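First the structure, then my questions, so here it is.
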Amino acid sequence: QVQLVESGGGLVQAGGSLRLSCAASGRTLGLYMMGWFRQAPGKEREFVATISPSGGKTKYTDSVKGRFTISRDNEKNAVNLEMIGLKPEDTAVYYCAAVLYFGTINTENYNYWGQGTQVTVSS
């Protein structure tokens, strides 16, 4: 079992920045691909970014490329999402997720989820 707890959400003006963090416990993250997803009001949850166990492979959804950066620290069992140039359409609950890594980038079918942290971007 992997337990995930997100933090760092909040209210920010358009153009601003936030850093989301995800703290993991229960298992070492070294075997897991870690991802960030988000769900806006009235919409389905969508993939945002993911990172391989070594940090060598990352993938982003097109709408956040160049603005968001995912990183991880396996020794600290933590994953971060640095967000700059935030837009009102980035407003959502952001979730951290984990899935065992089998060598390929995974943007769906994650097994473990945090409770989410709210990000609100005002115009």
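The values are calculated or read from the model by the stated rules, or taken from the named source; none is laboratory data. Every value quoted in this text rests on a predicted model; they were computed, and no experiment measured them. Note: ideal-geometry Cβ built from the backbone for every residue, glycine included; neighbour counts use all protein chains shown. To get the accessible areas, we keep the full protein, side chains included, count just its heavy atoms, and leave off ligands, DNA and RNA. Shrake-Rupley method; radii C 1.70, N 1.55, O 1.52, S 1.80 Å.
What FRET efficiency comes out for the pair Ser17/Asn111, r = Cβ-Cβ distance, R0 = 22 Å, nearest 0.05? The partial results should precede the final answer.
Values: r = 30 Å, r/R0 = 1.36.
Computed FRET efficiency for Ser17 and Asn111: 0.15.
Identify which of Gly85, Gly55, Gly42 has the largest mean-square fluctuation in a Gaussian network model of the chain, with springs joining Cα atoms closer than 10 Å.
Highest fluctuation of the listed residues: Gly42.
Show me the trypsin sites (Lys or Arg not before Pro) within the range 51-100 that DSSP assigns to loop and that have at most 13 other Cβ atoms within 10 Å of their Cβ.
On the way: sites: Lys57, Lys59, Lys65, Arg67, Arg72, Lys76; in loops: Lys57, Lys65, Arg67, Lys76.
Counting only loop positions with at most 13 other Cβ atoms within 10 Å, the trypsin sites (Lys or Arg not before Pro) in the range 51-100 are Lys65, Lys76.
Moving on. Relative contact order of the range 25-123, please, whole-number percent, based on alpha carbon pairs below 8 angstrom and at least 6 residues apart. Please report the intermediate quantities before stating the final value.
Working: 190 pairs, mean separation 30.1, N = 99.
Answer for the range 25-123 is 30 percent.
Name the most mobile residue of Val64, Val48, Val79, meaning the one with the largest mean-square fluctuation, in a Gaussian network model of the chain with Cα contacts below 10 Å.
Highest fluctuation of the listed residues: Val64.
Tell me which chymotrypsin sites (Phe, Trp or Tyr not before Pro) from the range 63-122 have a DSSP coil assignment and no more than 13 other beta carbons within 10 Å of their own.
On the way: sites: Phe68, Tyr94, Tyr95, Tyr101, Phe102, Tyr110, Tyr112, Trp113; in loops: Tyr101, Phe102, Tyr110.
Filter output for the range 63-122: Phe102.
What distance in nm lies between label points placed 7 Å from Cα along the C-beta direction at Glu82 and Glu44?
That separation, rounded to one decimal, is 3.2 nm.
Right, another one. Quantify, in whole percent, the carbon and sulfur part of the accessible surface of the chain (1.4 Å probe; protein heavy atoms only).
Summing carbon and sulfur atoms, their accessible area is 47 percent of the total for the chain.
Oh, and also: Assuming R0 = 22 Å, can you tell me the calculated FRET efficiency for the pair Arg27 and Thr61, based on Cβ-Cβ distance, to the nearest 0.05?
Values: r = 26 Å, r/R0 = 1.20.
Efficiency for this residue pair is about 0.25.
In the chain, which longest range has no GluC sites (Glu not before Pro) that are both DSSP loop (not H, G, I, E or B) and surrounded by at most 12 other Cβ atoms within 10 Å?
Numbers: sites that count: Glu44, Glu75, Glu108.
With GluC sites (Glu not before Pro) excluded where exposed in loops, the chain gives 1-43 as its longest stretch.
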